[in-house]
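J.: Input: one structure, supplied below.
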Amino acid sequence: MPNKVRAFLGLGSNIGDSRNWLRQAVEELPGVIAVSPLYRTEPVGGPDQDDYLNIVVAIETELSSRDLLLQCQRIELEAGRERLVKNGPRTLDIDILLYDNRQISEPGLEVPHPRMFQRNFVISPLLDIAPELAFDEAFTSRINPDELIGDVEEIGEL
């Protein structure tokens, strides 16, 4: 039997009933063990668009990183996700941020997520549910507080 791994996923939405899209995604994700507070965040890059609602979810799963990616993409599609414009608005976006302590570099899958260390809307909710990462030098050394982008506002629970 495969070993369970702990993974962290970043979820965001800024089209339609974003809170509901995020709730539905959390219900469909395998092995959820923690959900961060909800954050309202300004969009980063891409066209002019509405603010996002963002959360980070911790899961324990036996899925491989590739199978987890496929499951996340299926959930996005069920939410009506369309990939029309890079960094454009979306009903649902799910990114694999961390997959245990593994470094993964495959076509279409880079873990740790390559831009997570520059994004407030990832780091703030991630540290809410995994405060131990603040004491992990390999993790914190990749964060430059002066370069974090995206204003965030915690707005309560999902």
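J.: Kindly check whether there is at least one residue in segment 51-61 that is farther than 20 Å from LEU148 by Cβ and more than 12 Å from the chain's Cα centre (by Cα). Let's see the steps before the verdict.
T.: Here is the first cut: in segment 51-61, the ones farther than 20 Å from LEU148 by Cβ are 57-61.
Applying the additional criterion that residues be more than 12 Å from the chain's Cα centre (by Cα) yields 60-61.
Yes.
J.: Looking at segment 133-158, I want the residues that are loosely packed, with under 10 Cβ neighbours inside 10 Å and have a partner that is part of a helix (DSSP H, G or I) with Cβ atoms under 7 Å, at least 6 apart or on another chain. Which pairs are those?
T.: Final answer for the pair search is GLU147/GLN118.
J.: Sticking with this one: Would you please name the residue that is surrounded by the most Cβ atoms within 10 Å (Cβ to Cβ), looking only at residues in segment 74-91 that are at pLDDT below 95 and under 24 Å from ILE123 (Cβ atoms)?
T.: ARG90
J.: Would you mind stating whether LEU148 is over 13 Å from GLY12 (Cα atoms) and modelled with pLDDT of 90 or more? Even if it seems obvious, please write down each step before you answer.
T.: Details: over 13 Å from GLY12 (Cα atoms): yes; modelled with pLDDT of 90 or more: no.
Taking the combined requirement at face value, the residue does not satisfy it.
J.: On the basis of being assigned to a helix (DSSP H, G or I) and surrounded by 15 or more Cβ atoms within 10 Å (Cβ to Cβ), does VAL44 make the cut?
T.: No, not satisfied.
J.: Same structure, new question: For segment 92-132, which residues satisfy the criterion of being surrounded by fewer than 22 Cβ atoms within 10 Å (Cβ to Cβ), hydroxyl-bearing (Ser, Thr, Tyr) and either free of Cβ contacts under 8 Å to residues at least 40 places away in the same chain or under 24 Å from ASP67 (Cα atoms) (or both)?
T.: Passing the criteria: only SER105.
J.: Please verify whether segment 39-50 includes one or more residues that are touching an Asp or Glu at 6+ places or on another chain (Cβ under 7 Å), in contact (Cβ under 8 Å) with a residue 40 or more places away in the chain, closer than 25 Å to LYS86 by Cβ and hydroxyl-bearing (Ser, Thr, Tyr).
T.: Yes: one or more hits.
The values are calculated or read from the model by the stated rules, or taken from the named source; none is laboratory data. Since this is a predicted model, take the numbers as computed values, not measurements. Cβ sites come from the backbone with ideal geometry, for glycine too, and all protein chains shown count toward neighbours.
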